[in-house]
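Student: Handing you this structure, nothing more for now.
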Amino acid sequence: MSNQGGMSRAQVAVLYLVLTSAIASGIAIYSSASTVTVLLKTATAGLFLPILLSLIVSFLLDPAVQFLDSKKINRSLGIFIVYFLLSAFIGLLMLIIGPPNWEGMILALKADFPRYTIQAIEYLSSWLAVVQQQFPFIKDYNIAENLRTTSQSFFGSVLKETPRSAIRFGSLLLLVPLFTFFFLRDSRRIMRSLISLTPNRYFEMVLDIYAHVSLQLAHFIRGRILEALIIGIVIWMGLSMTDIHYAPILAVIAGASNLVPYIGPIIGMLPGLIIALVDLGMGGQFWWILCVYLLIAQIIVDNFILIPILISKASNLHPLWVILAIVMGGKLYGVLGMIIGVPIVSIINITIIEIRQYRRTFNPYNRYFSSRGKML
Amino acid sequence: MNPFWHNIFRISREELTLAYFLGTLPAFKNLDKGELALLENIVHVRNYLADEMVFSEGDIGSGMYAIRSGQVQIYNLDEQGENEQVVLKTGDFFGEVALTASRPRCASARTTEPTVLVGLFRSDMLEAVRRHPVPAAKILVGLNRVISDRLLQCSIQLQQLKKQLAIDQEQTANE
């Protein structure tokens, strides 16, 4: 009887057991999956920024380590030498120029910030009044009040975040050099072992694409950072010639915002212009500052000198992508996300371009098919 | 050798290393220990099953392979089917045409038994040239020597074939 169904009673029992246990474990895995992702999220929460920063730093320091390596110095020792030289250089710079009084400057900015916003809002509302006189159909939108509340809430959050970010900064000072050390020493080994996982048939292609992409990436990251650094220094020098306060902070803002193409320079210019307008008035110095930001830093130094030398045209992004990257980055990681969103999208862009080029020139079947897919 | 004696005269540990194997290749026999260590760092060891394609004719190649163990069959495809050129064994290498520039493979390569290949690829070679110019130059000179030998053999064979052809044509003309 039992043979008629093709299975004995014991087999049916085993099948039943296996099926129920499979379903039960499926449900268990499914319900615990959400907790696993939550666990993963909390475990990796603070690591994104230090890892990103140490990747960037290791890209910047790699040529120096490479140089020492070619002089037959042990790689670990070479990295320590580079670290030592770098810290000595920064220390020397601090000794010669004297550290810019960051703390005092931030305290002063805290005191001055409301003044600047109020003044800026006053300017804005006076312009608004003029506009409304000309075009009476524009309703009184009460932009001034809106701006005031948002700026106050922004300032409040900055105040609240400052001690927390100080702690974060301390942990960054510890983690970034550590991660950078290992990235500098072992990145080649790590990448080689990762690449060796690819199947034999695609190994050559993957290796070639990796070599191209990493070369382009190193170029791109070094170029961008160097560009931001030079722009920051140029703006610092330009602003130092005037009586404007907070020149170093403004230069840092301008340099960092220069990492974001198209929109960044404009945003980076705004605080400087507002402070100049409020403190110095609409005089010659204001025009000089505008000139420094716009003409000298952006047009002459950046567009005519730095971009042709440092940045390759291949990595240019369409403005639409830039805006999307800024919005999405801002949603994910706030102001930091806005700054790093565009470089990350550019990196993805470079990777895609490289792979596409590889496919076009290296496609093994293009001998048999015409470009329109017809068999030759 | 008798397995018994083989066990007593066991191969020394050094002879099992990748660097030692690379040193036995004719292209790299003039390299010293440091250079072999560098070479060991830039090659990739790949394991193949029996009857696995290494590359097919017309693929754009990016490097050469040396056979550490196993067997590789080199063949062309034509109207009659597969046309075997040669079967390569341990210590031989192939695909060196694609090392310096991306050229299409002029034949297909397939393993006939489980095989371990040691691959030397263009991107790694270029990186080595940037990082360690002197040893990389020696490696390239060694490769160049072997390729020159092959070219010389080719041209000698070509001359002989031309002579043979001329003689054959004369004979047919005389008849």
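Student: Given the options A:Ile323, A:Ile307, name the one that is in the same structural domain as A:Ile249 (by TED's automatic domain parsing), under 18 Å from the mean Cα position of the chain (by Cα) and in contact (Cβ under 8 Å) with a residue 24 or more places away in the chain.
Tutor: Numbers: A:Ile307 fails: under 18 Å from the mean Cα position of the chain (by Cα).
Being in the same structural domain as A:Ile249 (by TED's automatic domain parsing), under 18 Å from the mean Cα position of the chain (by Cα) and in contact (Cβ under 8 Å) with a residue 24 or more places away in the chain holds for just one of A:Ile323, A:Ile307, which is A:Ile323.
Student: Could you check A:Ala297 against (1) over 28 Å from A:Trp321 (Cα atoms); (2) more than 14 Å from chain B (Cβ to nearest Cβ); (3) open to solvent by less than 70 Å² (accessible area, probe 1.4 Å) and say which number it fails?
Tutor: Here A:Ala297 clears every test but (1).
Student: Those residues that are open to solvent by less than 10 Å² (accessible area, probe 1.4 Å) and either in contact with a Ser or Thr (Cβ under 8 Å, 6 or more places away or on another chain) or more than 12 Å from chain A (Cβ to nearest Cβ) (or both), I need them from the stretch B:31-43; list them, please.
Tutor: B:Leu39
Student: Right, next: Might you let me know whether the stretch B:113-133 holds any residue that is more than 25 Å from B:Leu36 (Cβ to Cβ), open to solvent by less than 50 Å² (accessible area, probe 1.4 Å) and at pLDDT 90 or above?
Tutor: No, the stretch B:113-133 has no match at all.
Student: Separate question: Return yes when A:Val14 is touching a residue at least 24 places away in the same chain (Cβ under 8 Å) and in a helix (DSSP H, G or I) and no when it is not. Spell out the reasoning first.
Tutor: Working: touching a residue at least 24 places away in the same chain (Cβ under 8 Å): no; in a helix (DSSP H, G or I): yes.
No; evaluated as a whole, the condition is false for this residue.
Student: Another one. Scan the stretch B:111-145 for residues that are among the acidic types (Asp, Glu) and within 11 Å of another protein chain (Cβ to nearest Cβ) and jot them down.
Tutor: B:Asp124, B:Glu127
Student: Same structure again: Count, please, the residues in the stretch B:49-80 that happen to be surrounded by fewer than 20 Cβ atoms within 10 Å (Cβ to Cβ), facing another protein chain (nearest Cβ under 8 Å) and touching a Leu at 6+ places or on another chain (Cβ under 9 Å).
Tutor: Within the stretch B:49-80, residues that are surrounded by fewer than 20 Cβ atoms within 10 Å (Cβ to Cβ), facing another protein chain (nearest Cβ under 8 Å) and touching a Leu at 6+ places or on another chain (Cβ under 9 Å) number 1.
Student: Output the number of the condition that B:Ala98 fails; it satisfies all remaining conditions of (1) modelled with pLDDT under 85; (2) buried (at least 20 other Cβ atoms within 10 Å of the Cβ); (3) over 15 Å from the mean Cα position of the chain (by Cα).
Tutor: (3)
Student: Another question about this same structure. Can you tell me how many residues in the stretch A:151-172 are modelled with pLDDT of 70 or more, surrounded by 11 or more Cβ atoms within 10 Å (Cβ to Cβ) and not small (Gly, Ala, Ser)?
Tutor: Within the stretch A:151-172, residues that are modelled with pLDDT of 70 or more, surrounded by 11 or more Cβ atoms within 10 Å (Cβ to Cβ) and not small (Gly, Ala, Ser) number 4.
The values are calculated or read from the model by the stated rules, or taken from the named source; none is laboratory data. In this text, all values refer to a predicted model and were calculated from it rather than measured experimentally. When we count neighbours, we look across all protein chains shown, and the Cβ atoms used for this are built from the backbone with ideal geometry, even at glycine. Calculation scope for accessible area: heavy atoms of the full protein, side chains included, ligands and nucleic acids excluded. Shrake-Rupley method; radii C 1.70, N 1.55, O 1.52, S 1.80 Å.
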